[in-house]
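I have placed the structure first, in the form of structure tokens, so that the comments after it can refer back to it.
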Amino acid sequence: MNAVDIINKTKRKIKLAEDEIKYLVNGYTSGEIPDYQMSAWLMAVCLNGLSEEETVSLTLAMRDSGDILDLSCIEKITVDKHSTGGVGDKTSMIIGPAAAACGVAVPKMSGRGLGHTGGTIDKLESIGGYRVDVEFDEFADIVNKTGFSIISQSGQLCPADKKIYALRNSTGTVDSIPLICASIMSKKLALNADCLLLDVKCGTGAFMKTPEDAKKLGELMEKVGIAAGKKCRAIVTDMNTPLGCCIGNSLEIKEAVELLQGKVKGRLYDICIELTANMLELAGKGTIDECTAMAVDAIASGKALDILKKTIELQGGNSSICDDVERLPRAKYTHVIYAPRDVEISAVDAEELGMASLILGAGRISKDEEIDYSAGIVLEFEIGDKISMDAPLMTLYSSCVSDFSEAAYRAYNALKFRTLTDGALT
Ligand code: URA
């Protein structure tokens with residue numbers, strides 16, 4: 001077997017056998033197959049795709065490149081959730097505690113943000129003291145005590161994905177549905193929860209820009225998960241507009257806590273209930289209607305907030321932020337953008353707002369960059385709202401940028417609005 005024959009087969013759309021895919025993944029991970037050959041194969045996959053069977057083989061070979069967690073020490077049924085990433089997506093901090101309050105265990109490993117999308121680990125680190133690098137035994141212990149924990153992904157999980165993803169980022173080979181599927185699913189299968197809910201984001205702020213591609217990715221991930229013996233379901237949710245009104249690390253924790261305090265409703269709340277209900281149904285807790293009622297009660301009763309608070313405390317974080325969100329990091333500088341005339345907001349470009357937030361310091365372009373936890377954007381409207389001239393549209397926050405001109409320009413241009421003539425503003 002050799003890499004050139006494998007590259008040629010994919011180039012000519014000839015199906016690869018399982019052992020050929022294993023040879024490629026293992027050879028690249030160990031350093032025997034060089035970057036240039038792996039890049040050529042990745043580009044052939046981008047152009048010609050892979051069959052379902054090949055995608056399953058690739059995912060399992062990547063999963064098997066490192067540790068696979070043994071979660072048998074966790075007493076309850078384990079449910080993991082993965083979102084394909086978006087702008088303002090703070091659902092993990094809400095649905096993890098909500099599902100745990102309904103009797104399942106939610107052990108989660110997450111990553112840091114890159115580019116315009118945020119990362120759950122960065123958001124959690126904005127809570128003073130919160131430890132994300134927790135050893136497995138302590139992680140399992142926290143999950144057994146509270147039902148929920150999020151830590152950063154261990155370096156021993158999926159080394160193949162780490163190396164291949166870095167190569168894809170520098171060779172223009174990220175946007176391939178089978179490669180995205182194998183990358184995400186290999187990490188999820190290595191975490192090894194009993195059930196897996198996949199939230200495929202679709203829209204301007206997401207990897208998948210069209211409903212067709214989002215559906216394709218969701219269906220493929222679901223098939224791979226089921227082939228690997230998991231209870232697995234994918235649902236597609238909208239990411240044309242940011243999720244909730246806050247974008248940026250501590251601002252998103254604030255919004256998540258406020259939702260668990262019962263103060264936030266709207267699209268973010270509805271999606272959290274839908275995701276939690278699906279996690280519970282996958283875990284066999286009841287029908288979707290019963291699970292929806294359980295999810296609503298978990299938040300309304302304050303049980304989910306108590307679980308988040310206890311988990312933060314066990315991970316060394318300042319859990320008093322669950323009582324008073326003003327204890328989260330606050331930005332030194334703020335800038336308010338006002339409506340230039342009477343307007344109705346018709347759309348928002350989530351990716352552009354993500355970019356504006358990145359300019360304010362909330363995100364990073366390269367892997368090792370520091371970020372400003374207090375930075376971000378708060379939207380003062382919902383789509384369809386009518387705003388009078390000189391009323392605030394959004395507030396920008398930063399502790400590292402005092403000149404807001406570039407971020408404000410991008411944030412303002414992310415909005416699409418209709419000018420209202422006399423009498424149209426109610
Ligand atoms: N997230 C991943 O982990 N991998 C991809 O390829 C894309 C998004």
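Some observations on this one:
- Residue that is most open to solvent (accessible area, probe 1.4 Å) [pool: residues in region 11-26 that are more than 12 Å from Leu50 (Cβ to Cβ) and assigned to a loop (DSSP other than H, G, I, E, B)]: Arg12
- The number of residues in region 270-288 being closer than 29 Å to Gly384 by Cα and buried (at least 17 other Cβ atoms within 10 Å of the Cβ) comes to 8.
- Selected residue (only one of Ile247, Ile299, Ile253 is under 22 Å from the mean Cα position of the chain (by Cα) and over 26 Å from Leu353 (Cα atoms)): Ile299
- Looking only at region 49-89, residues that are more than 18 Å from Phe136 (Cβ to Cβ) and part of a helix (DSSP H, G or I) come to 11 in all.
- Annotation note: Cβ proximity below 6 Å between a residue of region 95-113 that is assigned by TED's automatic domain parsing to the domain that holds Leu260 and part of a loop (DSSP other than H, G, I, E, B) and a residue that is among the charged types (D, E, K, R) and at pLDDT 95 or above (sequence gap 6+ or interchain) occurs for Val104/Lys76.
- Matching entry among Leu275, Leu259 (being in contact with an Asp or Glu (Cβ under 9 Å, 6 or more places away or on another chain) and in a helix (DSSP H, G or I)): Leu275
- From Ser154, Ser149, Ser186, residue being among the polar types (S, T, N, Q), out of contact with any Ser or Thr (no Cβ under 7 Å at 6 or more places or on another chain) and not assigned by TED's automatic domain parsing to the domain that holds Thr29: Ser154
- Counting the residues of region 318-336 that are small (Gly, Ala, Ser) and not in a loop (DSSP other than H, G, I, E, B) gives 2.
- Residues in region 31-48 that are open to solvent by less than 30 Å² (accessible area, probe 1.4 Å), part of a helix (DSSP H, G or I) and among the hydrophobic types (A, V, I, L, M, F, W, C): Met38, Trp41, Leu42, Ala44, Val45.
- Condition check for Glu344: touching a helix residue (DSSP H, G or I) at 6+ places or on another chain (Cβ under 6 Å) and not small (Gly, Ala, Ser): no
- Selected residue [in contact (Cβ under 8 Å) with a residue 12 or more places away in the chain, surrounded by fewer than 24 Cβ atoms within 10 Å (Cβ to Cβ) and either under 18 Å from Ala99 (Cβ atoms) or among the hydrophobic types (A, V, I, L, M, F, W, C) (or both)] from Thr237, Thr204: Thr237
- Sole exception among (1) of a type outside the set (S, T, N, Q); (2) open to solvent by 20 Å² or more (accessible area, probe 1.4 Å); (3) within 23 Å of Ala214 (Cα to Cα) for Asp89, by number: (2)
- Some residue of region 1-8 being open to solvent by less than 40 Å² (accessible area, probe 1.4 Å) and not in a helix (DSSP H, G or I): no
- Among all positions in region 307-317, there is no residue which is part of a helix (DSSP H, G or I), among the β-branched types (Val, Ile, Thr) and touching an Asp or Glu at 6+ places or on another chain (Cβ under 8 Å).
- Enumerated helices (runs of 4 or more DSSP H) restricted to region 137-234, each holding at least 1 residues that are away from the ligand (no atom under 13 Å from the Cβ) and either among the aromatic types (Phe, Trp, Tyr) or over 30 Å from Lys309 (Cα atoms) (or both): 159-171, 211-227
- For region 283-337, the set of residues classified as without any contact (Cβ under 8 Å) to a residue 24 or more places away in the chain, among the hydroxyl-bearing types (Ser, Thr, Tyr) and more than 20 Å from Phe148 (Cα to Cα) consists of Thr287 only.
- Filtering region 119-136 to residues that are touching a helix residue (DSSP H, G or I) at 6+ places or on another chain (Cβ under 7 Å), open to solvent by 10 Å² or more (accessible area, probe 1.4 Å) and part of a loop (DSSP other than H, G, I, E, B) leaves only Tyr130.
The values are calculated or read from the model by the stated rules, or taken from the named source; none is laboratory data. From a predicted model like this one, the values you see are computed outputs, not experimental measurements. Cβ: placed from backbone, ideal geometry, glycine included. Neighbour counts: every protein chain shown. For accessibility, only protein heavy atoms count, side chains too; no ligands or nucleic acids. Shrake-Rupley method; radii C 1.70, N 1.55, O 1.52, S 1.80 Å.
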